[in-house]
2 protein chains.
Amino acid sequence: MSTVTPLPRTQHGGARDGRPELSVAAIAAAGRRLVERVGLDALSMRNVAAELDTAAASLYRHVVDREALLLAILEDIAAGLPVEVPGRTACERLQNRLVAAHDYMARHVWVLHILIRGEVVAENALPFSNACLQDFLDAGLAPREAATAFGACWHLVIGELLDEHPLAPPREPTQRSIVMSRIAPERFPAIAAVRSLDLHDRGDGTATVIGRLLGAFLS
Amino acid sequence: MSTVTPLPRTQHGGARDGRPELSVAAIAAAGRRLVERVGLDALSMRNVAAELDTAAASLYRHVVDREALLLAILEDIAAGLPVEVPGRTACERLQNRLVAAHDYMARHVWVLHILIRGEVVAENALPFSNACLQDFLDAGLAPREAATAFGACWHLVIGELLDEHPLAPPREPTQRSIVMSRIAPERFPAIAAVRSLDLHDRGDGTATVIGRLLGAFLS
DNA sequence: ACCTGAATGCGAACAGTGTACGCATAGAGC
DNA sequence: GCTCTATGCGTACACTGTTCGCATTCAGGT
């Protein structure tokens, strides 16, 4: 028997005039464009459809759900995670790759909200995960230790990003700033002692924190 | 001139028969009950209203926004964060408090999704933060180091919780499990080497990871 | 050249969401 | 008893995700 799907290039159906055909990739790209322009909250099926100059119902021919659309966008972003990075030792590569991943995700923090909504793994993130795990193994860690260490690093990165970069544009003045300004130094002396500096430059503090955590595992 | 607000116990207005009056606290409590029963996605103004046996419009007399309702719930949960914990050294107390906070938040992971949406600080979380920062200072860290260390610990905790505990109930079978089962060992050997164990008992791995991170700062 | 079948686009409709408007009500102070 | 004000709440509007059914267009068979 021959192959069951000789030519999947079927493509009949309603005319789209000059406009390019719809497809999962095109829809995901449009969704990503939309989010980067107006934010994740504005990612409605109708808005994505408008971005492609079509109607919402048309999207459902290529995407089963809104959830599926979000997954497609997640994969799109995950494909950009760094894998090959400079560094001669495994530890150096780990440090560089994790910092690079942090900086990359910092430009797309909103996908983290897609990621953490469901029990989901981006297939396009596997090369990144594999490289990190491999470096931990090469550094001499046992498999279980490597998994723990990679998990900790990843959690540190996404925790920092999610905590520091708000998803919704804050209403002015920020609730955070109001609360912080009202802190009574006699009730919370430690916070007051620290308050003045945590607004200023964290600088590349994230990189050094990652370095410290790596050191804790690769001792 | 006398005080402008002599008796804030006004309370006129529409009758609520035998039902207790509406208030921010009552609304927040009802919202929290609702989330713990049916999940954060079901927390609509109408559902909260129904929980209080009233109409959605009534809530807006006490709560300006849905956002404000979420903040009230956040404060409610934050009030339960651990502050006093056993331990004779600052390091021991830090370890115990962070682990206790992790375990507490693990029972209310959904509030983290409220927390990370906006640039927000829960006032009721200040005692917890202050205690942690104070212990870092007592352990000999400089203020900037203490802030960095506490931030790292907190990010590690919420990163782990957000990454491991999905907000939405997964559809069966899990997308994660599908992807993980399809991993080609020749393409991703490190993941394959680790895959078999990361499903099994992490046990209290979180506590040891926190301990490692603490050690990295309190060396 | 005709028909058939399937894949695609899309207008209309439905239930559910957050929120604003306006009216009815009940108590406090004169 | 009047007025004033805070409260409850019915109604309505714009918006959401999703489904149904119809129209269109092509590929393959005869």
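The values are calculated or read from the model by the stated rules, or taken from the named source; none is laboratory data. Because the structure is predicted, anything quoted here is derived from the model rather than measured. All Cβ positions, even for glycine, are placed from backbone atoms using ideal geometry, and neighbour counts span all protein chains on display. Accessible surface is based on the protein model in full, side chains and every heavy atom, while ligands, DNA and RNA are left aside. Shrake-Rupley method; radii C 1.70, N 1.55, O 1.52, S 1.80 Å.
Given the residues A:ALA152, A:ALA68, which is the only one that is within 11 Å of chain B (Cβ to nearest Cβ) and out of contact with any Gly (no Cβ under 9 Å at 6 or more places or on another chain)?
A:ALA68
Residue pairs, Cβ under 7 Å, 6 or more apart or interchain, first in the range A:19-32 and modelled with pLDDT under 95, second open to solvent by 60 Å² or more (accessible area, probe 1.4 Å) and more than 14 Å from DNA strand D (Cβ to nearest atom). List them.
A:ARG19/A:ASP53
Looking at A:ALA100, A:ALA30 in this structure, which one is within 16 Å of DNA strand C (Cβ to nearest atom), aliphatic (A, V, I, L, M) and either crowded, with 16+ Cβ neighbours inside 10 Å or over 18 Å from the mean Cα position of the chain (by Cα) (or both)? Lay out the reasoning, then the answer.
Working: A:ALA100 fails: within 16 Å of DNA strand C (Cβ to nearest atom).
Of the residues listed, the single one that is within 16 Å of DNA strand C (Cβ to nearest atom), aliphatic (A, V, I, L, M) and either crowded, with 16+ Cβ neighbours inside 10 Å or over 18 Å from the mean Cα position of the chain (by Cα) (or both) is A:ALA30.
A:GLY87 - would you say it is more than 16 Å from DNA strand C (Cβ to nearest atom) and closer than 23 Å to B:ILE183 by Cα?
Here the answer is no, as A:GLY87 does not meet what is asked.
Between a first residue in the range A:40-58 that is under 16 Å from A:ALA72 (Cα atoms) and assigned by TED's automatic domain parsing to the domain that holds A:LEU71 and a second residue that is of a type in the set (Phe, Trp, Tyr) and within 9 Å of DNA strand D (Cβ to nearest atom), which pairs have beta carbons less than 9 Å apart while being 6 or more apart in sequence or on different chains?
Filtered contacts from the range A:40-58: A:MET45/A:TYR60.
Is it fair to say A:ARG107 is at pLDDT below 95 and more than 16 Å from DNA strand D (Cβ to nearest atom)?
no
Filter the range A:140-154 for residues that are more than 25 Å from the chain's Cα centre (by Cα) and open to solvent by less than 50 Å² (accessible area, probe 1.4 Å) and give the result.
Correct list: A:LEU141 only.
Scan (1) part of a helix (DSSP H, G or I); (2) modelled with pLDDT of 95 or more for the single condition A:GLY140 breaks and write down its number.
Every condition holds for A:GLY140 apart from (1).
Which of (1) more than 9 Å from chain B (Cβ to nearest Cβ); (2) in contact with an Asp or Glu (Cβ under 9 Å, 6 or more places away or on another chain); (3) touching a residue at least 12 places away in the same chain (Cβ under 8 Å) does A:ILE77 not meet, given it meets every other one?
Among (1) more than 9 Å from chain B (Cβ to nearest Cβ); (2) in contact with an Asp or Glu (Cβ under 9 Å, 6 or more places away or on another chain); (3) touching a residue at least 12 places away in the same chain (Cβ under 8 Å), the lone unmet condition for A:ILE77 is (2).
Just give me the residues in the range B:59-81 being surrounded by fewer than 17 Cβ atoms within 10 Å (Cβ to Cβ) and within 14 Å of DNA strand D (Cβ to nearest atom), in sequence order.
Result: B:TYR60, B:ARG61, B:VAL64, B:ARG66.
Look at the range B:169-187 and say how many of its residues are assigned to a loop (DSSP other than H, G, I, E, B) and either surrounded by 11 or more Cβ atoms within 10 Å (Cβ to Cβ) or at the interface with another protein chain (Cβ under 8 Å from one of its Cβ atoms) (or both). Spell out the reasoning first.
From the range B:169-187, those assigned to a loop (DSSP other than H, G, I, E, B) are B:169-174, B:182-187; that's our starting set.
From what is left, the residues that are either surrounded by 11 or more Cβ atoms within 10 Å (Cβ to Cβ) or at the interface with another protein chain (Cβ under 8 Å from one of its Cβ atoms) (or both) are B:170-171, B:174, B:183, B:185, B:187.
Residues flagged as assigned to a loop (DSSP other than H, G, I, E, B) and either surrounded by 11 or more Cβ atoms within 10 Å (Cβ to Cβ) or at the interface with another protein chain (Cβ under 8 Å from one of its Cβ atoms) (or both) within the range B:169-187 amount to 6.
Say we look at the range B:109-130 and pick out the residues that are farther than 21 Å from A:VAL111 by Cα and touching an Asp or Glu at 6+ places or on another chain (Cβ under 8 Å); which of these is farthest from the other protein chains (Cβ to nearest Cβ)?
Residue satisfying both the conditions and the ranking: B:ASN124.
Is at least one residue of the range A:1-21 more than 13 Å from DNA strand D (Cβ to nearest atom), more than 14 Å from the chain's Cα centre (by Cα) and within 14 Å of chain B (Cβ to nearest Cβ)?
Taking every residue of the range A:1-21 in turn, none turns out to be more than 13 Å from DNA strand D (Cβ to nearest atom), more than 14 Å from the chain's Cα centre (by Cα) and within 14 Å of chain B (Cβ to nearest Cβ).
Just wondering, is there one or more residues in the range A:155-168 that are over 22 Å from B:VAL111 (Cβ atoms), at the interface with another protein chain (Cβ under 8 Å from one of its Cβ atoms) and open to solvent by less than 30 Å² (accessible area, probe 1.4 Å)?
No - not one qualifying residue is present in the range A:155-168.
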